[in-house]
Structures are given as structure tokens and as C-alpha cells.
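The values are calculated or read from the model by the stated rules, or taken from the named source; none is laboratory data. As the structure is a prediction and not an experimental result, all values here were calculated from the model. All Cβ positions, glycine included, derive from the backbone under ideal geometry; neighbour counts span all protein chains shown. We work out accessible area using only protein heavy atoms, side chains counted, and drop any ligands, DNA or RNA first. Shrake-Rupley method; radii C 1.70, N 1.55, O 1.52, S 1.80 Å.
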Amino acid sequence: MTLKEERNEIKNRALTEWVAEIARLTTPDQVVWCDGSEAEKDRLAALAVKSGSLIPLSPQKKPGSFLHRSDPNDVARTEHLTFVCTPSQRDAGPTNNWSPPDQTYAKLRGWLKGSMRGRTMYVVPYVMGPLGSPFAKVGVEITDSVYVVLNMRIMTRMGAPALAMLGEREDFCRGVHCTLDLNPDRRLICHFPQDNAIWSVGSGYGGNALLSKKCFALRIASWQGRGEGWLAEHMLILGLQSPAGDTRYIAAAFPSACGKTNLAMLTPPAEFAGWKVFTVGDDIAWLRVGDDGRLWAVNPENGYFGVAPGTNSHSNPNAMKMVGHDSIFTNVAMTTDGDVWWEGMETAPPEKLIDWRGRPWNPGSGDKAAHPNSRFTTPMANNPALSPHANDPQGVPISAIVFGGRRATTMPLVLESQNWTHGVYLGATMGSETTAAAAGAVGVVRRDPMAMLPFCGYNMGDYFAHWLQMEGAIKNPPRIFMVNWFRKGSDGKFLWPGFGENLRVLKWMLDRIDGRATATDTPVGRVPRVEDLNLHGLDTAGDRMREDLAVKTDEWSAEVASTAEFFDKLGPAMPPALRDKHRGLVNSINGARP
Ligand code: SAT
Ligand code: MN
């Protein structure tokens with residue numbers, strides 16, 4: 001359909017004028033407005049197959065599913081090319097890359113001039129949040145990538161419902177995405193929170209190109225949340241139902257590729273018969289204070305963009321079921337009978353395999369068959385553990401907030417904060433080893449406060465202040481905890497089995513909230529003793545558990561020194577309350593020194 005024909009049907013002038021402006025700049029051969037229908041999906045998938053961008057998988061093994069192989073230089077988020085372009089650099093803060101908005105727009109306009117010649121420009125309206133929800137917001141992404149459109153259809157409520165919700169309003173997130181030639185020298189992901197706008201150029205990768213996700217639902221939304229008194233967080237949301245049938249909800253922040261998807265759809269261990277876990281969301285939470293003074297959360301997304309390697313019927317049986325159909329796989333390996341394979345799938349690799357780059361795989365080469373950051377995109381409706389409240393316009397009330405990093409040392413299995421400010425301090429000082437989800441070295445500890453370091457759309461000091469301020473608005477605040485599933489013993493092996501067994505730790509948290517479980521006070525927070533956890537049926541020796549729960553003074557001395565450096569980097573925006581908390585902690589750790 002041509003631009004002219006469409007403009008007669010779309011009533012929103014702000015929208016049609018903006019689309020026309022981008023079309024004048026990028027000069028596509030045609031403009032297609034996406035309606036989100038099944039017929040449109042089939043038509044676009046057929047186009048993508050014809051162009052080679054999607055490979056259909058076996059209709060028997062993976063019905064309705066496709067494989068996409070990205071450019072090998074475009075396989076993860078590129079944080080060094082991601083910018084927050086606020087009018088003043090102070091508002092972006094020292095942890096974000098910043099460039100002045102006018103200059104940045106001018107540069108990107110230069111790159112985009114005529115960039116869609118010979119191509120189709122897709123206009124993708126979408127809703128973030130359940131339809132009809134007071135949390136919900138509309139975005140529109142313009143893109144020249146059919147792969148992006150098909151992923152957006154899974155990840156968001158896309159098409160007609162978004163235009164219906166938008167009506168004549170102008171407050172939609174304006175996203176411009178153009179793949180250009182995937183040259184890393186002309187790749188930039190730029191956010192303009194003051195304009196509710198994102199321009200992403202030169203990458204087709206998930207977090208860089210599906211603008212609904214990290215770009216809108218975290219970077220832009222966190223800025224909006226600060227202004228409007230709510231929080232946009234890098235958190236899963238799960239419901240935990242007891243055998244008696246009451247369900248409590250937990251929101252948990254972990255950096256990318258630290259097991260959020262696994263935790264969000266966890267299968268309880270055999271000893272927890274009658275317990276059930278329900279997924280509300282696996283990556284992003286929008287949190288608001290309800291009329292009842294509790295914190296309520298929705299998952300703004302409609303699908304999962306999960307890490308494939310390591311997913312198997314032990315680590316995440318629900319995910320194995322949900323990716324069985326109607327999914328898009330990116331950069332996994334393919335079997336000769338049209339199925340997918342990745343490292344850590346449990347089943348041995350078949351004799352013949354095509355690797356993520358499309359070459360015959362040679363197991364002896366030491367190369368991975370699937371890229372370590374290979375992904376599945378799956379509709380949340382596929383999830384057997386989906387919460388009946390996943391589409392609830394009101395969201396769910398949150399009883400506990402959990403922060404978690406990937407730490408080989410120092411951080412015990414679980415810590416309970418003393419109060420809200422201490423909980424914010426725990427989140428603000430979180431450290432984690434880097435993973436393959438972002439380009440760069442893997443396994444280096446960096447401070448990743450609230451798992452938001454790459455996703456906070458404004459000054460991190462202001463962000464902490466906003467968190468501290470929220471306490472005043474939440475009459476009935478959730479309890480805040482810290483977890484670490486990844487601590488290692490002196491033998492270099494993980495001390496905790498993780499996966500479904502993590503439920504034992506969540507259960508202790510609920511018992512703490514209910515006043516039914518004990519804990520020991522330490523200078524860094526409250527920690528369970530081994531006997532405070534239900535370890536029934538778990539084959540883990542007591543001394544390994546004691547090691548996993550230990551708070552070691554020498555490790556914490558190093559930890560607070562590293563935290564102090566990080567706080568200094570944040571400069572004057574750092575809230576004094578967190579500095580005070582820090583000083584108090586340093587004193588009590590030094591006081592505890594033998
Ligand atoms: O690529 S995404 O940013 O969408 C996934 C992640 O890194 O968490
Ligand atoms: Mn994430």
C-alpha cells in the first residue's frame with residue numbers, strides 16, 4: 001500500500017505527519033502500516049523466507065517457527081554505541097554515553113538520507129502493557145527490517161489495538177530503526193527522552209533493534225517514571241502459589257543472561273509438592289503505587305526474548321515446551337532435519353549440524369555451534385506457566401523485590417535488607433560478572449546497580465534518589481532482598497544447585513515477610529542460617545551451605561572499597577542517604593574485623 005492511500009485511513013495527524021517526515025528522509029519504495037494480523041504475519045514471513053532472512057524450521061519438529069542468522073558482527077547489544085541524548089549532559093549522568101541532541105539528530109539524518117531507497121518502510125504501532133491498563137503506553141517503530149516486524153509482533157501487542165488506544169493522542173514513543181549496511185562504523189542507538197524518541201541505526205540485533213524493549217520500556221520509560229512517580233525496572237515478575245492456594249508476587253532484577261527467564265517460570269522441586277510458580281514477566285516490570293498503598297507491577301511485554309544456550313528440560317522445562325512452536329530462533333545451530341540445537345541442550349549434538357553462521361559444524365574445532373547470546377523469541381501465550389494475571393490491566397501486588405548478581409565470591413546466597421533505604425543501597429551497589437548479552441569481555445565484575453546500568457535513561461544518582469523517594473509513596477512497601485545463585489567454593493564449583501531449587505530461597509523470603517522464619521543479623525544484612533532454609537531432599541553438604549551463606553570480612557572490605565569508587569564516579573548526584581549508609585557499613589565491617 002502506498003503512503004498516500006494509508007494516510008486516508010490513519011486519523012492521527014501527529015502520527016501520519018511524523019511517518020511522512022521519516023519517509024521523506026529515507027525515501028523507501030513503499031510504506032506499509034502493520035496491522036498485527038495473522039495474514040500479515042504469514043505474508044511477511046514468506047517475504048523473509050524468500051529473501052533468506054528467515055529459514056523455515058521443520059513443520060513437524062518446530063511448527064510455525066523460523067531460524068534467523070544475523071550478521072556475525074551484530075550479535076549482542078553494543079553499549080559503547082548506545083547514547084542518551086538529553087539536552088544537558090548532567091541529566092544523562094556519568095554512566096551513560098551522551099551526545100547533544102541537535103548534533104546527534106543531524107548526524108543520524110545524514111546517515112538516513114535515502115537509506116530506504118529500494119526497500120519497504122514498515123510502520124509498527126504497538127502497546128506496552130496489558131490492553132486497557134492504566135500502565136499501558138503506545139509506541140510506534142518505523143523499521144526497514146521484516147525480521148524486526150515479526151519479532152515485534154511476538155514481543156508486543158502490535159498493530160490495530162495500538163492505533164485504537166492511541167486515537168488522536170500525540171504521546172507515543174517515536175522509534176526510527178534502519179539497518180543500513182550493518183557496518184559497525186555507522187551504528188548508533190540514540191535515545192531522546194525529552195522527545196519520547198529513539199533512533200537506532202546500523203544494527204538488527206534484539207536489544208538494539210526491537211525498540212519496544214530496552215530502548216522504550218527501560219531507558220525512555222525510566223525517565224518517564226521519574227517524572228510521573230513510578231518505576232520502570234529490569235525485573236521479572238513471578239507469582240508463587242502455596243499449596244493452600246494463596247499467591248504472592250515477587251519482582252526480581254538480574255543483569256542480562258543471569259537466569260531471569262529460568263527463574264520467572266521455575267518448576268518447583270519434588271519436595272515442594274503443591275507449590276506453583278506463575279510467570280507474569282521475564283525481563284521488564286513497570287511498577288506503580290496502588291490505591292491500597294502497595295506496589296503493583298505489570299509486564300509491558302507480550303513475549304520472551306530468551307537466551308537459548310543452557311536452556312534444557314532441567315534448567316527450564318517450561319521454556320523447552322514454549323519454544324516448541326511459533327517461535328523465532330536467532331543464531332542457534334540447525335539440525336539436518338530442520339530442528340534447532342544449542343550448547344547445554346542436554347541431548348548430545350547430532351552428528352551433522354549447521355552452526356550459527358550457516359557452516360557445517362566441526363565439534364573438534366572448539367567453536368560453539370550456537371552463538372553464546374543466541375536467542376528465542378516466543379509469545380508469552382506459549383508459556384505453560386503463564387500467570388492468569390499476565391494480562392490483568394491492574395497488574396499484580398508485589399510482596400518482595402529481589403536484586404541478584406552473578407558473583408563467584410563475597411555475596412551470600414541470600415541477604416535481607418534492614419529497611420527500604422538499605423534495600424536501595426543493596427540494589428545500588430550490586431555487582432555482577434559480565435555476560436555474552438553485551439559485546440565485550442565476559443566474566444569481569446562490574447557495578448550494575450539494580451541491573452539497570454545499561455538501561456537507565458537518566459542520571460544514576462537521580463535514579464537512586466527516585467527509588468529512595470518512592471518509600472514515602474508506598475505505605476505498604478515490599479521487603480527487599482539480595483540473592484546470588486553463582487557463588488563458588490574453593491574447588492571452583494557452584495555452591496548452590498540453582499534453577500528449580502531457587503524456590504527454597506524464595507520460600508524463605510515469604511516466611512520472613514510472614515514472620516515465620518529466622519535470620520541472623522550481620523553488618524551487611526540479615527542472612528539465614530543453614531537450618532533456617534528448607535533443604536529437605538537436597539543433596540548439598542552442610543559445610544558447602546555454610547560457605548554459601550558466609551559473610552566474610554576480608555571479602556566485604558574489598559567490596560566496600562570497590563563500591564566507594566563507584567559512588568565517587570557518580571559524583572554530586574549521589575544521594576547523601578546512600579553515602580551515609582555506606583559509611584555506616586564500612587564502620588561496622590571494620591568493627592567486625594578480628
Ligand atoms: O538483547 S536484549 O537487550 O533485548 C536482551 C538482554 O540483553 O537482556
Ligand atoms: Mn534483559
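For region 3-229, just the Cα atoms, rotate onto the principal axes and tell me the three extents in Å, largest first.
For region 3-229, the Cα extents along the three principal axes come out at 54, 40, 34 Å.
Quick one: divide the alpha-carbon radius of gyration of region 50-89 by 2.2 N^0.38 Å and tell me what you get. Before the final figure, lay out each step's value.
Values: Rg = 17.6 Å, N = 40, 2.2 N^0.38 = 8.9 Å.
Here the answer is 1.97, to two decimals.
What is the local net charge at residue 298, summed over the other residues whose Cβ is closer than 11 Å to its Cβ (Lys, Arg +1; Asp, Glu -1)?
0
Would you please calculate the Kirkwood hydrodynamic radius of region 306-382 over all C-alpha pairs and express it in Å, rounded to one decimal? Don't jump to the answer; show the numbers that get you there.
Numbers: mean 1/r = 0.0797 Å⁻¹.
After inverting the mean inverse Cα-Cα distance, the result is 12.5 Å.
Applying a 10 Å radius around every beta-carbon, put 290-298, 210-218, 446-454 in order of their mean neighbour count, most first.
On the way: 290-298: 18.0, 210-218: 28.9, 446-454: 22.3.
Top of the packing list down: 210-218, 446-454, 290-298.
What residue among 36, 103, 150 has its Cα farthest toward the positive end of the dipole of region 3-229, where the charges are +1 on Lys, Arg and -1 on Asp, Glu, each on the Cβ?
Going by the Cα projections, it comes out as 150.
How much accessible area per residue does the chain have, in Å², with a 1.4 Å probe? Working shown, then result.
Values: 22150 Å² over 594 residues.
I get 37 Å² per residue for this part.
Once you order the gyration tensor axes a ≥ b ≥ c over the Cα atoms, which shape class does region 361-458 get: rounded for a/c under 1.5, otherwise prolate or oblate by comparing a/b with b/c?
Cα axes put region 361-458 in the oblate bin.
Nearest 0.05, what FRET efficiency do residue 271 and residue 292 give at R0 = 30 Å with Cβ-Cβ as r?
On the way: r = 34 Å, r/R0 = 1.13.
Efficiency, rounded to the nearest 0.05: 0.30.
Within 10 Å, count the other beta carbons around each residue, average over each peptide in 354-361, 62-69, and list them highest first. Intermediate results must be reported in sequence, preceding the final value.
Details: 354-361: 17.0, 62-69: 19.9.
Per-residue mean Cβ counts within 10 Å order the peptides as 62-69, 354-361.
Might you report the magnitude of the Cβ-based charge dipole of the chain about its Cα centre, with Lys and Arg at +1 and Asp and Glu at -1, to the nearest 20 debye? Each step should come with its number before you reach the end.
Values: 63 positive and 63 negative charges, 112 e Å.
Charge dipole, the chain, about its Cα centre: 540 debye, nearest 20.
What number comes out for the charge environment of residue 109, summing +1 per Lys or Arg and -1 per Asp or Glu over other residues with Cβ under 12 Å away?
+1
With a 1.4 Å probe and every protein chain kept in, tell me what percent of the accessible surface of region 366-483 is carbon plus sulfur. Walk me through the intermediate numbers first.
On the way: 1670 of 3270 Å².
For region 366-483, the apolar C and S fraction of the accessible surface comes to 51 percent.
Show me the trypsin sites (Lys or Arg not before Pro) within region 476-506 that DSSP assigns to loop and that have at most 13 other Cβ atoms within 10 Å of their Cβ. Mind dumping the intermediate values first?
Details: sites: 479, 487, 488, 493, 504; in loops: 487, 493.
Taking region 476-506 and a limit of 13 other Cβ atoms within 10 Å, the loop trypsin sites (Lys or Arg not before Pro) found are 493.
Of the listed pairs 368/507; 321/368; 11/62; 214/352; 50/260, which have alpha-carbon separations greater than 32 Å here? Could you put the intermediate results ahead of the total?
Values: 368/507 37 Å; 321/368 24 Å; 11/62 40 Å; 214/352 36 Å; 50/260 35 Å.
From 368/507; 321/368; 11/62; 214/352; 50/260, over 32 Å: 368/507; 11/62; 214/352; 50/260.
To the nearest Å, what is the center-to-center distance of region 280-350 and region 460-514, using C-alpha atoms only?
First find each Cα centre; the distance between them is then 21 Å.
Would you calculate, for the chain, the mean residue ellipticity at 222 nm contributed by helices, counting each DSSP H stretch of 4 or more residues as -39,500 (n - 2.57) and dividing by all residues, to the nearest 500? Spell out each step's value before the answer.
Working: 17 runs with 169 residues, N = 594.
Using -39500 (n - 2.57) per qualifying helix, the result is -8500 deg cm²/dmol.
If packing is taken as the mean number of other Cβ atoms within 10 Å per residue, what is the order of 457-467, 225-235, highest first?
Numbers: 457-467: 23.5, 225-235: 20.9.
Final packing ranking: 457-467, 225-235.
Remind me, relative contact order of the chain in percent, using alpha carbon pairs under 8 angstrom and six or more residues apart?
It comes to 14 percent, rounded to a whole number.
Can you tally the net charge around residue 421? Count Lys and Arg as +1, Asp and Glu as -1, for every other residue whose Cβ sits under 11 Å from the Cβ of residue 421. Write out the running numbers ahead of the final one.
Working: positive: 581; negative: 471, 580.
Cβ neighbours under 11 Å give a net charge of -1.
In whole Å, what is the distance between the alpha-carbon centres of region 140-192 and region 366-398?
Going from one Cα centre to the other spans 20 Å.
What would the Debye formula give as log10 I(q)/I(0) at q = 0.14, 0.18, 0.26, 0.32 Å⁻¹ for the alpha-carbon point model of region 229-283, no solvent?
-0.39, -0.61, -0.99, -1.22
Along the three principal axes, how long is the chain when you take its alpha carbons, biggest first, rounded to the nearest angstrom?
For the chain, the Cα spread along each principal axis is 74, 57, 46 Å.
How much length is gained if the chain between residue 246 and residue 580 is pulled fully straight, taking 0.36 nm per residue apart and subtracting their Cα-Cα distance, in nm to one decimal? Before the final figure, lay out the partial values.
Working: separation 334, 0.36 × 334 = 120.24 nm, distance 3.88 nm.
That works out to 116.4 nm of additional length.
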